[in-house]
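Asker: There's a structure below that I have some questions on.
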Amino acid sequence: MNRLQLQTKRQALLRQLQNLGPWIEGTLVATTRKCGKEGCACHHNGPKHPVLFLTWKEAGKTISLYIPRQLESAVKEWAQNYKKLKALIRQVSEVQKQIVRLRE
Ligand SMILES: [Zn+2]
């Protein structure tokens, strides 16, 4: 690719970056747990309740954040956006390296 093509590609990537919604860093972990109600079936060999956590590492420690049910779909989208963000960062960086290699 020549310089103009690379700049056009970079422009398209930066536009995607601009249109990206908010992101959140971490791994979504789906698990089950008992609720707080003693009378609930989950305390008497019944099925436990599905819950979602976001986990990440801080200073070598794994942090776990409970995701409230009403935020689950939003947080899933934010986590997806974080992956897109990382991919875009890599791609822009790659274009920049190619521009440098042109030595123009
Ligand atoms: Zn329960």
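Asker: When you scan the range 64-104, how many residues do you find that are farther than 12 Å from residue 28 by Cα, over 14 Å from the mean Cα position of the chain (by Cα) and either assigned to a helix (DSSP H, G or I) or not basic (Lys, Arg) (or both)?
Answerer: Adding up the residues that qualify gives 18.
Asker: So residue 30 fits all but one of (1) exposed (fewer than 11 other Cβ atoms within 10 Å of the Cβ); (2) in contact with a Cys (Cβ under 8 Å, 6 or more places away or on another chain); (3) not acidic (Asp, Glu); what number is the exception?
Answerer: Of everything listed in (1) exposed (fewer than 11 other Cβ atoms within 10 Å of the Cβ); (2) in contact with a Cys (Cβ under 8 Å, 6 or more places away or on another chain); (3) not acidic (Asp, Glu), residue 30 misses just condition (2).
Asker: A further question on this structure: Can you find a residue in the range 14-37 that is free of Cβ contacts under 8 Å to residues at least 12 places away in the same chain and within 16 Å of the ligand (Cβ to nearest atom)?
Answerer: yes
Asker: Right, something else. Would you mind telling me which numbered condition in (1) at pLDDT 95 or above; (2) closer than 30 Å to residue 104 by Cα; (3) surrounded by fewer than 13 Cβ atoms within 10 Å (Cβ to Cβ) residue 1 fails?
Answerer: That leaves (1) as the condition not met.
The values are calculated or read from the model by the stated rules, or taken from the named source; none is laboratory data. If you're wondering where the values come from, they're calculated on a predicted model, not measured in any experiment. Don't worry about glycine lacking a Cβ; one is built from the backbone with ideal geometry, like all the others, and counts go over all protein chains shown.
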